[in-house]
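One structure is given here, and the rest of the page talks about it.
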Ligand code: C2E
Ligand code: CA
Ligand code: CA
Ligand code: CA
């Protein structure tokens, strides 16, 4: 490696180069991952805390890399989002999630993450209806989770998509609420049914002097005023569960109820038809 004369170490530049190489290598590997069967979906329950019943499962992508081991979607989704690769992964996840959910009882929904780039494709609603048709999943059982980043181009850019999805009968959820480009005005104009309160507001919310409970209450009040449900994400401890319930969150997602599960685990665990979980911290 070349020294820049200001004492930047050889090691440091080599590290950086390796990190960049790894990104490029992962992107190449990711292109083949679907065909090689290395991608899968894990499903994490969203639970109604008043009766501990599972209402929905969120589909979360998993990648078992042949050499690097399990790679987190927090790492590979941003890589995929740099190119049209995210469209391929996104379509795969949508179709797979619909097929899996079709095997669950009729009252259980499935939530699929849709990246902004994917959401802004003109034929996105067509893809959704195709996935529903080929899986025979009722549109009302599909929820699409989008983040505030879908609004970067203004609400006009995605207005038609919202409309078409609404007419299809699928539900929309606002994910990671409060962490990105928030605009309350946009919230009002888009047909969201759910707001997901990001786990950064939930974790540590029971520590004294923490301002997160105030934020949680404000988001719950806003959602109620707009006729939307709230989901508290990343609930890990009993005292956090008690707090978000007390503040009015409608649904709970977090390790307190369950980590993400495989489709096989779901079908086995709930084989007796009892879709009830226990909170244990
Ligand atoms: P997200 O949509 O906010 O998903 C929730 C994340 O929180 C998941 O991480 C989940 O495993 C984790 N989580 C759930 N409960 C708890 C808890 O109690 N404590 C803690 N510490 N974490 C909890 P995961 O599976 O690693 O996914 C990370 C992110 O990757 C997702 O965040 C989402 O933004 C993205 N992602 C995952 N799958 C897909 C996908 O199919 N498409 C797209 N576009 N993005 C995806
Ligand atoms: Ca999500
Ligand atoms: Ca989230
Ligand atoms: Ca997140």
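See the values below:
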quantity: Of residues in the stretch 259-276 being in a loop (DSSP other than H, G, I, E, B) and under 21 Å from the mean Cα position of the chain (by Cα), the one nearest to residue 212 (Cα to Cα); calculated: 259
quantity: Which listed residue is crowded, with 21+ Cβ neighbours inside 10 Å and either under 21 Å from the mean Cα position of the chain (by Cα) or assigned to a helix (DSSP H, G or I) (or both), from 188, 224, 194; calculated: 194
quantity: Test for residue 210: is it within 16 Å of ligand 2 (Cβ to nearest atom), at pLDDT below 95 and either under 30 Å from residue 130 (Cα atoms) or not in a helix (DSSP H, G or I) (or both); calculated: no
quantity: Scan of the stretch 249-258 for residues that are within 15 Å of ligand 3 (Cβ to nearest atom) and assigned to a loop (DSSP other than H, G, I, E, B), ordered by number; calculated: 249, 254, 255
quantity: Listing of strands (runs of 3 or more DSSP E) fully contained in the stretch 21-126 that carry 3 or more residues being within 20 Å of the chain's Cα centre (by Cα); calculated: 39-48, 53-65, 109-113
quantity: Where residue 132 falls short, out of the listed (1) in contact with a helix residue (DSSP H, G or I) (Cβ under 8 Å, 6 or more places away or on another chain); (2) outside any helix (DSSP H, G or I); calculated: (2)
quantity: Residues within the stretch 160-185 that are within 16 Å of ligand 3 (Cβ to nearest atom), buried (at least 21 other Cβ atoms within 10 Å of the Cβ) and either under 13 Å from residue 116 (Cβ atoms) or modelled with pLDDT of 95 or more (or both), tallied; calculated: 5
quantity: Answer from 208, 200, 217 - the residue that is within 13 Å of ligand 1 (Cβ to nearest atom) and over 24 Å from residue 53 (Cβ atoms); calculated: 200
quantity: Neighbours by Cβ (under 6 Å, 6+ apart or cross-chain): first from the stretch 51-65, on the phi < 0 side of the Ramachandran plot; second in a strand (DSSP E or B) and within 11 Å of ligand 2 (Cβ to nearest atom); calculated: 55/46; 56/46; 56/111; 58/44; 58/111; 59/112
quantity: Enumeration of residues in the stretch 119-156 that are within 13 Å of ligand 2 (Cβ to nearest atom) and closer than 20 Å to residue 99 by Cα; calculated: 143, 144, 145
quantity: All positions within the stretch 139-150 that are surrounded by 14 or more Cβ atoms within 10 Å (Cβ to Cβ) and more than 16 Å from ligand 3 (Cβ to nearest atom); calculated: 139, 141, 142
quantity: Every residue from the stretch 153-179 that is in a loop (DSSP other than H, G, I, E, B) and out of contact with any helix residue (DSSP H, G or I) (no Cβ under 7 Å at 6 or more places or on another chain); calculated: 153, 154
quantity: Test for residue 241: is it more than 16 Å from ligand 3 (Cβ to nearest atom), surrounded by fewer than 20 Cβ atoms within 10 Å (Cβ to Cβ), assigned to a helix (DSSP H, G or I) and at pLDDT 90 or above; calculated: no
quantity: Filter result for the condition that a residue is more than 16 Å from ligand 4 (Cβ to nearest atom), closer than 17 Å to residue 59 by Cα and out of contact with any helix residue (DSSP H, G or I) (no Cβ under 7 Å at 6 or more places or on another chain), over 258, 217; calculated: 258
quantity: Exclusive hit being at pLDDT below 95, under 30 Å from residue 32 (Cα atoms) and more than 16 Å from ligand 3 (Cβ to nearest atom), set 188, 82, 126; calculated: 82
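The values are calculated or read from the model by the stated rules, or taken from the named source; none is laboratory data. Keep in mind it's a predicted model, so treat the numbers as computed, not measured. For neighbour counting, all protein chains shown are included, and Cβ atoms are generated from backbone atoms with ideal geometry for every residue, glycine included.
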